[in-house]
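Q: First, the structure itself, so that you have it in front of you.
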Amino acid sequence: MDKIIKLSPEVIGHIAAGEVVERPAAAVKELVENSMDAGATAVTVEIREGGLDFIRVSDNGSGIPESELRMAFERHATSKLRTQEDLLRIATLGFRGEALSSIAAVSKVTLLSRLRGSESGMQVQNEGGQIKDIRPAPCAEGTAITVRELFFNAPVRRRFMKKPAQETQLVADLMERLILSHPEVSFRLTADGKTVYFSPGDGRQETAVMSVWGLNTLKQMIPVDGTEQGLILKGYLGVGELSRGNRSQQQFFINGRAMKSALLSQAVEEGCRQRVMIGRFPLCVLHLRLPFESVDVNVHPNKWEVRFSDERGVAQAVTNLVRDALSAGAAEVTPPSFFPPAPTPPGAPLSQVVRREPQAAAPSEAAPVSDAPRAETPAFPPSLRSPLWESPVPAAPDVPEAKEAPAPEQLSAEAQLPELQQSPVRLIGAAFNTYILFESGDTVCLCDQHAMHERLMFDRLMKAYDSGAIAQTLLIPRVIALSYREYGTFLEYQALLAAAGFEAEDFGDQSVRLHSLPLLLGQPQAESSFKEALEELMATGSLSDDKRVEKIITASCKHAVKGGDRLSNDELIGLVRGVLEGNVRPTCPHGRPLMMQLTRTELEKRFQRIPN
Ligand code: ADP
Ligand code: MG
């Protein structure tokens with residue numbers, strides 16, 4: 001073992017940096033909090049490559065006095081904390097005095113600042129924690145901090161970063177929380193030059209909610225506003241259709257600070273019981289105010305977790321207030337005045353390249369989609385219902401075509417199908433309501449009814465998809481209000497969305513009018529599936545085709561008859577005919593076999609009617 005030595009300030013700084021700036025979003029958080037502590041009413045965040053290449057946070061706050069510029073970069077240098085008692089009543093956001101020093105330790109920072117009311121500004125260059133240059137420089141009142149090449153001198157840390165798109169998403173999530181927690185501040189986030197979020201900062205909670213989740217969501221949310229046991233709870237709740245599959249959209253702010261709290265989540269969920277399906281979670285943005293002394297925000301270095309001195313009391317109060325809000329019903333949420341509630345009709349219609357065959361677009365009020373309703377109705381399509389009993393099945397056309405490029409393990413089964421197709425089929429029955437038994441010519445077959453139906457549905461959907469019938473026209477186009485970020489994504493990827501079946505046009509005022517959906521999606525999910533596509537585009541920049549095939553498989557599987565379902569003889573024979581006539585691959589889309597065959601000769605050998 002080496003001798004014990006005292007670490008150099010640089011090494012200490014480097015270690016601290018790792019804790020404070022784990023990733024770009026953490027650096028952005030510290031910088032924006034500094035801006036707000038400096039009284040900024042407008043904060044712009046620009047990032048490139050997820051923030052790994054470039055972060056700039058500019059504000060219109062107080063600015064930093066020239067005499068304090070050097071100090072600002074020192075560890076444990078802060079203008080916000082003087083005594084230990086202060087720690088208990090922390091009202092400002094940042095207070096550890098190590099953000100700037102930590103960020104500077106692992107990047108190349110340029111700080112520009114001009115004190116409010118002063119004639120000119122100053123510029124500081126800091127590289128890897130060393131101040132390289134300080135000089136007067138022209139700039140606007142306020143502060144702009146640019147962080148380049150984050151972790152340039154910490155290659156290990158850099159390797160732990162996610163893809164830029166994911167780092168961007170983390171910054172976007174952070175900005176969501178900032179917008180929701182500070183409606184009085186105007187935020188803008190741009191990523192690689194494109195605006196992701198913009199909030200006007202008019203001080204209204206509903207404007208903030210709308211900037212993040214869009215007008216439609218806002219209109220369906222239920223306002224919460226009440227006091228119990230010295231706790232003030234304000235915000236919005238989304239139950240029923242607005243509920244989500246996880247808790248990521250539950251936003252809690254305690255005395256203005258974004259917090260994660262299992263305790264609060266449970267308290268809200270308890271209050272929302274009966275209004276949210278099991279397995280779903282309410283959407284919410286809730287602000288809690290309670291005496292500073294009764295919350296401990298300093299329990300975690302990232303200041304995310306929170307502890308209450310009276311956990312039970314807080315939970316009970318939150319549950320009660322949520323329940324009250326829900327029973328008071330959805331008092332109409334008034335949308336912010338700058339956003340007209342009913343968008344004006346649009347101009348020219350879309351001229352996107354939607355590959356669609358004319359016959360595929362045959363919507364009606366009751367069945368608004370062309371081909372998909374079949375996928376949604378578990379009943380057999382009419383073609384499978386032909387009551388042909390023991391009648392000869394005509395040979396399928398182009399039998400040899402089925403042999404093109406079969407998967408190796410399917411060869412033997414596939415080779416035998418044509419023979420079955422030549423002979424009349426006689427249904428014997430269904431064993432265990434699952435396995436269809438029939439004879440054809442010299443062969444006895446056992447088939448899996450679910451696998452068969454699944455294969456038939458899959459083929460039909462794939463065929464429709466391949467023939468270009470990718471979209472189903474909505475009889476009544478849907479107007480969908482989007483969040484700022486979603487709207488930006490829509491504008492950017494409009495053509496791509498259309499090519500995938502989402503034909504939509506810009507409807508102005510941050511909304512779109514949706515005319516068609518991909519074939520496989522039912523109309524009830526129009527809005528959510530459109531938004532899911534936007535999410536996927538935001539995260540990855542593309543819509544994966546794999547997923548679409550996957551969706552076809554899922555749809556086929558979900559809507560196919562199951563093992564154990566009792567089918568009529570007509571339905572059983574219909575399935576068999578469908579498979580034999582349809583010249584299908586002898587496996588279900590998951591790769592399981594459709595049928596097993598035993599020849600008369602094999603049977604006779606087994607029963608020793610003929611010698612082996
Ligand atoms: P802390 O915020 O915990 O005090 P930081 O390292 O984040 O520590 O910042 C150090 C000091 O630099 C702050 O206390 C503040 O005085 C000053 N400062 C940092 N950013 C800004 C800003 N955007 N506007 C004005 N002052 C700032
Ligand atoms: Mg700070």
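Q: Tell me, please, whether a residue that is at pLDDT 75 or above and acidic (Asp, Glu) can be found in segment 541-557.
A: No - not one qualifying residue is present in segment 541-557.
Q: Cβ-Cβ distance below 8 Å, separation of 6 or more or different chains: which pairs start in segment 255-278 with a residue that is basic (Lys, Arg) and end on one that is outside any loop (DSSP other than H, G, I, E, B)?
A: Within 8 Å, the pairs are Arg257/Ser181; Lys260/Phe252; Lys260/Glu305; Arg275/Gly240; Arg275/Leu326.
Q: Within segment 241-253, how many residues turn out to be open to solvent by 20 Å² or more (accessible area, probe 1.4 Å) and not in a strand (DSSP E or B)?
A: Of segment 241-253, the ones open to solvent by 20 Å² or more (accessible area, probe 1.4 Å) are 241, 244-249.
Cutting the leftovers down to not in a strand (DSSP E or B) gives us 241, 245-249.
Of the residues in that region, 6 qualify.
Q: Let me ask another. Of all residues in segment 111-128 being over 22 Å from Gly39 (Cβ atoms) and away from ligand 2 (no atom under 16 Å from the Cβ), which is surrounded by the fewest Cβ atoms within 10 Å (Cβ to Cβ)?
A: Of everything passing the filter in segment 111-128, Gln125 is surrounded by the fewest Cβ atoms within 10 Å (Cβ to Cβ).
Q: If you don't mind, there's one more thing I want to ask. For the condition open to solvent by less than 10 Å² (accessible area, probe 1.4 Å), farther than 14 Å from Ala526 by Cβ, modelled with pLDDT of 80 or more and touching a strand residue (DSSP E or B) at 6+ places or on another chain (Cβ under 9 Å), what is the one hit in Ala498, Ala504? Walk me through how you get there before you give the answer.
A: On the way: Ala504 fails: farther than 14 Å from Ala526 by Cβ.
Sole residue among the options that is open to solvent by less than 10 Å² (accessible area, probe 1.4 Å), farther than 14 Å from Ala526 by Cβ, modelled with pLDDT of 80 or more and touching a strand residue (DSSP E or B) at 6+ places or on another chain (Cβ under 9 Å): Ala498.
Q: Report yes if Thr587 is farther than 19 Å from Ile428 by Cβ and touching a strand residue (DSSP E or B) at 6+ places or on another chain (Cβ under 9 Å), otherwise no.
A: Yes, satisfied.
Q: Within segment 135-156, restricting attention to residues that are open to solvent by 60 Å² or more (accessible area, probe 1.4 Å) and in a strand (DSSP E or B), which residue is nearest to Phe54 (Cα to Cα)?
A: Filtering segment 135-156 for residues that are open to solvent by 60 Å² or more (accessible area, probe 1.4 Å) and in a strand (DSSP E or B), the one nearest to Phe54 (Cα to Cα) comes out as Arg148.
Q: Failed condition for Ile610, given (1) modelled with pLDDT of 85 or more; (2) assigned to a helix (DSSP H, G or I); (3) over 20 Å from the mean Cα position of the chain (by Cα), with all others met?
A: The failed condition is (2).
Q: Give the residue that is surrounded by the most Cβ atoms within 10 Å (Cβ to Cβ), with candidates limited to residues of segment 21-56 that are more than 10 Å from ligand 1 (Cβ to nearest atom) and assigned to a loop (DSSP other than H, G, I, E, B).
A: Per the stated criteria, the residue is Val21.
Q: So Gln125 ticks every box in (1) within 38 Å of the chain's Cα centre (by Cα); (2) at pLDDT 95 or above; (3) over 29 Å from Ala208 (Cβ atoms); (4) away from ligand 1 (no atom under 12 Å from the Cβ) but one. Which box is left unticked?
A: Condition not satisfied by Gln125: (1).
Q: Another question, then. Which of (1) of a type in the set (S, T, N, Q); (2) away from ligand 2 (no atom under 16 Å from the Cβ); (3) part of a helix (DSSP H, G or I); (4) modelled with pLDDT of 90 or more is the odd one out, the single condition Ser101 does not satisfy?
A: In the conditions (1) of a type in the set (S, T, N, Q); (2) away from ligand 2 (no atom under 16 Å from the Cβ); (3) part of a helix (DSSP H, G or I); (4) modelled with pLDDT of 90 or more, Ser101 misses (2) alone.
Q: Do we find that Asp59 is more than 13 Å from ligand 1 (Cβ to nearest atom), at pLDDT 90 or above and among the acidic types (Asp, Glu) in this structure? If you could, list the steps in order and put the result at the bottom.
A: Numbers: more than 13 Å from ligand 1 (Cβ to nearest atom): no; at pLDDT 90 or above: yes; among the acidic types (Asp, Glu): yes.
Judged against the criteria, Asp59 is not a match.
Q: May I pose another question? Can you tell me which residue within segment 215-240, out of those that are touching a helix residue (DSSP H, G or I) at 6+ places or on another chain (Cβ under 7 Å), of a type outside the set (A, V, I, L, M) and not in a strand (DSSP E or B), is least open to solvent (accessible area, probe 1.4 Å)?
A: Thr217
Q: Another one. Across segment 157-203, which residue is modelled with the highest pLDDT among those that are buried (at least 18 other Cβ atoms within 10 Å of the Cβ) and of a type in the set (Lys, Arg)?
A: Arg188
Q: Any residue at all in segment 275-291 that's part of a helix (DSSP H, G or I) and open to solvent by less than 30 Å² (accessible area, probe 1.4 Å)?
A: The answer is no, given that none of the residues of segment 275-291 is part of a helix (DSSP H, G or I) and open to solvent by less than 30 Å² (accessible area, probe 1.4 Å).
Q: Any residue at all in segment 470-492 that's open to solvent by 30 Å² or more (accessible area, probe 1.4 Å), of a type in the set (Phe, Trp, Tyr) and either modelled with pLDDT of 75 or more or touching a strand residue (DSSP E or B) at 6+ places or on another chain (Cβ under 8 Å) (or both)?
A: yes
The values are calculated or read from the model by the stated rules, or taken from the named source; none is laboratory data. Treat the numbers as computed from the prediction; the structure is a model and nothing was measured. Backbone-built Cβ (ideal geometry, glycine too); neighbour counts: all protein chains shown. Each accessible area value is taken on the protein alone, full model and side chains, heavy atoms only, with ligands, DNA and RNA left out. Shrake-Rupley method; radii C 1.70, N 1.55, O 1.52, S 1.80 Å.
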